[in-house]
């Protein structure tokens, strides 16, 4: 699939996926959602890529939300088909490799939802986040009510969703919605630094760790603990586990191969 609204750049073991509609503040239309699905499907099979960073083109916006122009005249049945068909945000959350959102500006509506589907969120001091759908007479439909509640708790999530208010990157960090906040001129370098630190580790263990942490929101405690033991044990079938243990004993840096 040829990609027009999504760019993929590789820097060593890191892939940077950029939503490239700066004239629309990188708003997500139907075509762009399909391209996100295609991009992540492509990167899933690329063994050279160990970590993915997703960001928006330009200096103003990560993703300003859905392309509202597509909502005009859209029927309930058709909109449900669109949202149920290609679930781009779910594909990011379920992606087997770590995904970092590099939030360089507005992350509103679908933009905030996409960021929340990532594993780690790093934001510019100029970023603003929120779920303003209520101001259009609708509610978040790409996971906003579910992921935001799990990340920051019901009380604050309820307030943000019911008011549609935006919050600053610093407030988002205080709430646990973003992990780190950096000055705009440092954002890319600091995000790459984090991505490279993760990319040095075992791809097998990273996939197992990601799956186990995600299970914490999907299972009750006993199910999660049982699943964690299974995933922990699976790591013992990998060459990476043997390399990691040998490197520790030999007091050297491990060279993981993802096998």
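The figures follow:
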item	result
Residue check, residue 12 farther than 22 Å from residue 144 by Cα and touching a residue at least 60 places away in the same chain (Cβ under 8 Å)	yes
Candidate set from segment 139-150 (those that are farther than 19 Å from residue 106 by Cα and free of Cβ contacts under 8 Å to residues at least 40 places away in the same chain); member that is surrounded by the fewest Cβ atoms within 10 Å (Cβ to Cβ)	146
Verdict on residue 245 being in the same structural domain as residue 115 (by TED's automatic domain parsing) and either within 28 Å of residue 46 (Cα to Cα) or touching a strand residue (DSSP E or B) at 6+ places or on another chain (Cβ under 6 Å) (or both)	no
Segment 239-259, residues that are in a loop (DSSP other than H, G, I, E, B) and within 15 Å of residue 203 (Cβ to Cβ)	254, 255, 256, 257, 258, 259
Segment 171-187: number of residues that are out of contact with any helix residue (DSSP H, G or I) (no Cβ under 8 Å at 6 or more places or on another chain) and over 18 Å from residue 111 (Cβ atoms)	4
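Table: residues versus (1) closer than 14 Å to residue 6 by Cβ; (2) outside the structural domain of residue 135 (by TED's automatic domain parsing); (3) in contact with a strand residue (DSSP E or B) (Cβ under 6 Å, 6 or more places away or on another chain).
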{"residue": "40", "(1), (2), (3)": "yes, no, no"}
{"residue": "44", "(1), (2), (3)": "no, no, no"}
{"residue": "53", "(1), (2), (3)": "yes, no, yes"}
{"residue": "66", "(1), (2), (3)": "no, no, yes"}
{"residue": "72", "(1), (2), (3)": "no, no, no"}
{"residue": "76", "(1), (2), (3)": "no, no, no"}
{"residue": "90", "(1), (2), (3)": "no, no, no"}
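For (1) surrounded by 18 or more Cβ atoms within 10 Å (Cβ to Cβ); (2) without any contact (Cβ under 8 Å) to a residue 24 or more places away in the chain; (3) in a helix (DSSP H, G or I); (4) out of contact with any strand residue (DSSP E or B) (no Cβ under 9 Å at 6 or more places or on another chain), each residue gets a yes or a no:
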| site | (1), (2), (3), (4) |
| --- | --- |
| 167 | yes, no, no, no |
| 170 | no, no, yes, no |
| 178 | yes, no, no, no |
| 187 | yes, no, yes, no |
| 193 | no, yes, yes, yes |
| 196 | no, no, yes, no |
| 205 | yes, no, yes, yes |
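The values are calculated or read from the model by the stated rules, or taken from the named source; none is laboratory data. It should be emphasised that the depicted structure is a prediction, and the values quoted were computed from it without experimental measurement. Ideal geometry is used to build each Cβ from the backbone, glycine not excepted, and the neighbour counts take in all protein chains shown.
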